[in-house]
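I have placed the structure first, in the form of structure tokens, so that the comments after it can refer back to it.
The values are calculated or read from the model by the stated rules, or taken from the named source; none is laboratory data. Bear in mind that the values here come from a model prediction, so they are computed numbers and not experimental data. Positions of Cβ are backbone-derived with ideal geometry, glycine not excepted, and every protein chain shown enters the neighbour counts. When the accessible area is computed, the model is the full protein with side chains, heavy atoms only, and any ligands, DNA or RNA have been set aside. Shrake-Rupley method; radii C 1.70, N 1.55, O 1.52, S 1.80 Å.
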Amino acid sequence: MNLFDARTAFFITGLLYFLMPLVVWQALREQKSDAVKLWCAGGELFGAGLLLISLRGQIPDWVSFELASLFMHLGNTQRIQALRKELGTPMSAPVFAATAAVFWLGYVIARTLVPDGPYHFVWSLLAVGVQCIWISLLAQRIRRNEHIQSAKWLGIAYLPLALVMLVRAIQVLMGSADPGPLVNEYMPLAIALMGVLSSVLGNTGFLGVYVERASRQQIQHAQELARREENARLGRQITRLDRQRAMGMISASLAHELRQPLAGIGLNAECAEQIIRQDHAPASATAPFIAAILHNMRNATDIMNRIQGFIQAKPVEHQRTSLQTVCTNVNHLMGDWLRSEHMALQMQLPPTPLNVQGDPVQLAQILVNLIRNSGQATAGQSSRRITLTLEQQGPQALLHVQDNGPGFDAGALQNNANAFYTTKTDGLGVGLSISRSIAEQHQGSLSLRNAPEGGAIVTLALPLLSL
């Protein structure tokens, strides 16, 4: 069979149209997309139609004419539907069926009414040309909407085929060319050649659309991951700076608490020195003073460790943590500041241990932030009170910090600890936001409300560990 024979050319084109969608399907089989299924199935049908045309004269006419035409028009309509799905504007089932029916029935009616005339052939040429232009326009819309260059080549691939189809239809109508796809003329061969081009470039372009999307998604994912890592790093810095800001408030507590054990160390050391200087003093006489010195040194070291552990930046360590211990440590940490502010902190802790999985330093920071906010809220009150209540409610531990200040305004309740919302003229609005972020990292929550008797209540809810 001659390589340049029209029958051979249509057979090769049909074979390519049949095989190329298989390549696309194999590459995109994990996408599970209806658009991919429609595109590949449409290509298979169009290729099957071309193969049946190439066998015309060797198989029944209704197969190589009507059935071949049905396969081609239905296949192209499916590919149009695939691109419309990509654009998010698919045809409804009735519209899809009607569109495919119009393309095919026009061919059938023309062949039935004038079987020996050129009209069914011209109709088929015009229909395929319109379908190719439609595919090209949809591909260009995808390119404009998503800035995907592969869609551009997908659209370009079908324009030459549409052009030669339209030129061939005009030639047949004007009588300058014989009708039929298998006549050995240049235009049928040109149609077959443009079909090969559209098959290769069209399927490659469709595949490229998904490849570009996947590449873009990977880049966006990497950028989002980088942003999250940067935000996490900045969040850690802000949290550490907030702890340092809190230390400015409790620095007096540090000096006061250290003064007492250090003074005790000095006094006991002087007493021990005087006893040692005495003649015939028993060695056991200095033992109480040495024990007191060691006790005060341990107290001073514990205070320093507590302060240092609160302020320094270190990795978060989630461990079994007693909320009663956290409350007690914060009370000790802020004791002198509370006294200097003439504020009374009342703690209502249950006898049953309430343990959570968390970082004790971060949980302590939440309490420091809340107590500090309560202190600022009650400024100017004749009697300033803060009540810290710990209770169990089902599988959660609830830690309430209540003050007798003016309470939250409507804006604060609406924003509910959102970042950078503040009611203070000199505030940054990060305290509650940081506290909420820490609570969420512990699978908990932070909520704001006003007490019926007046004042604000901030509740920290954390999941309890089982005994």
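Computed in the context of the full set of protein chains, the accessible area of the stretch 1-106 at 1.4 Å probe radius has 69% of its extent on carbon or sulfur. The Stokes-Einstein estimate for the stretch 1-160, based on a Kirkwood radius over Cα pairs and taken at 37 °C with 0.692 mPa s viscosity, is a diffusion coefficient of 200 µm²/s. Distance between the pseudo-spin-label points of VAL211 and GLN393 (7 Å out from Cα toward the beta carbon): 5.7 nm. The protection proxy used here, the mean number of other Cβ atoms lying within 10 Å of each residue, ranks peptides 155-161, 364-370 as follows, highest first: 364-370, 155-161. Label-to-label distance for GLN348 and GLN31 is 6.2 nm, based on points extended 7 Å past Cα in the beta-carbon direction. Considered as an equivalent ellipsoid built on the Cα gyration tensor, the stretch 310-409 has semi-axes of 24, 17, 12 Å, the largest given first.
For the pair ALA97 and VAL23, the difference between a 0.36 nm per residue extended length and the Cα-Cα distance amounts to 23.9 nm.
So the label point goes 7 Å from the Cα of ALA451 along Cα→C-beta, right? Which residues of the stretch 335-360 then have their backbone N under 14 Å from it? Flagged as within label range: 344-348.
Note on surface exposure: LYS85, LYS37, LYS32 rank LYS32, LYS37, LYS85 by accessible area, highest first, 1.4 Å probe. ILE219: accessible area at probe 1.4 Å, nearest 10 Å²? Ignoring ligands and nucleic acids, ILE219 comes out at about 90 Å².
Panel note: the C-alpha atoms of the stretch 70-154, placed on their principal axes, show extents of 48, 26, 15 Å (largest first).
For SER340 and LEU464, the difference between the fully extended length at 0.36 nm per residue and the C-alpha to C-alpha distance is 41.2 nm. The solvent-accessible area of GLU44, taken with every protein chain present and a 1.4 Å probe, is close to 40 Å². Placing pseudo-labels 7 Å out from each Cα toward the beta carbon at GLN218 and LEU87 gives an inter-label distance of 3.0 nm.
The residues of the stretch 1-95 have, on average, 46 Å² of accessible surface per residue, using a 1.4 Å probe with all protein chains present.
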